[in-house]
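Read the structure below first, then the notes.
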Amino acid sequence: MEQTFIMIKPDGVQRGLVGDLISRFEKRGFFLKGLKLITVERSFAEKHYEDLSAKPFFAGLVEYIISGPVVAMVWEGKNIVATGRKMIGATNPSNAEPGTIRADFAIEVGRNVIHGSDAVESARKEIALWFPEGLS
Ligand code: ATP
Ligand code: MG
């Protein structure tokens, strides 16, 4: 069954959105396969977002991700990668459709609450990076 990597970013954790966000995925019918609260090191955040290392916002993005604990999760279900991305909404919350997570909970692209893998292949890589111990 298809899996994806979802991360509630530090702003989402700090603002107390963890329960609401998990609930959205559960109610949709997806299955939680892995979950941990973790504060990552700079080098780890850089690795997670390595494809964006040339972007002007990369340094700020890394600072944001290491600024506090994140909730790292693996979710499973039919078409979870694409459906998860739709549930999350556009990268910039200003462009996100009403009813998506980023539209409902965010206004800043640099504080957009949640991450979701953008393809099945990146999901596989991200799950291996964040859950090297494997899933139970
Ligand atoms: P994510 O990978 O976190 O799920 P995404 O796939 O929607 O987000 P990416 O292009 O992968 O978007 O960008 C990764 C993250 O970098 C964004 O979620 C956002 O936090 C940050 N980011 C993207 N563009 C900008 C920007 N123009 N200014 C500031 N931060 C940005
Ligand atoms: Mg992305």
Identity of the residue in segment 92-120, surrounded by 14 or more Cβ atoms within 10 Å (Cβ to Cβ) and part of a loop (DSSP other than H, G, I, E, B), that ends up nearest to ligand 2 (Cβ to nearest atom): Asp118
Would you be able to tell me the number of residues in segment 10-57 that are among the charged types (D, E, K, R), in contact with a Ser or Thr (Cβ under 9 Å, 6 or more places away or on another chain), open to solvent by less than 100 Å² (accessible area, probe 1.4 Å) and in contact (Cβ under 8 Å) with a residue 24 or more places away in the chain? 2
Can you pull out every residue in segment 124-136 that is closer than 25 Å to Glu63 by Cβ and either within 12 Å of ligand 2 (Cβ to nearest atom) or not in a loop (DSSP other than H, G, I, E, B) (or both)? Lys125, Glu126, Ile127, Ala128, Leu129, Trp130
Any idea which of Lys86, Lys125 is over 15 Å from Ile8 (Cα atoms), open to solvent by 80 Å² or more (accessible area, probe 1.4 Å), within 12 Å of ligand 1 (Cβ to nearest atom) and within 14 Å of the chain's Cα centre (by Cα)? Lys86
Is it true that some residue in segment 45-56 is assigned to a helix (DSSP H, G or I) and under 19 Å from Thr100 (Cβ atoms)? no
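The values are calculated or read from the model by the stated rules, or taken from the named source; none is laboratory data. All values reported here derive from a predicted model rather than from experimental measurement. Using ideal geometry, Cβ is built from the backbone for each residue, glycine included, and neighbour counts are taken over all protein chains shown. SASA here: full protein model, heavy atoms, side chains in, ligands and nucleic acids out. Shrake-Rupley method; radii C 1.70, N 1.55, O 1.52, S 1.80 Å.
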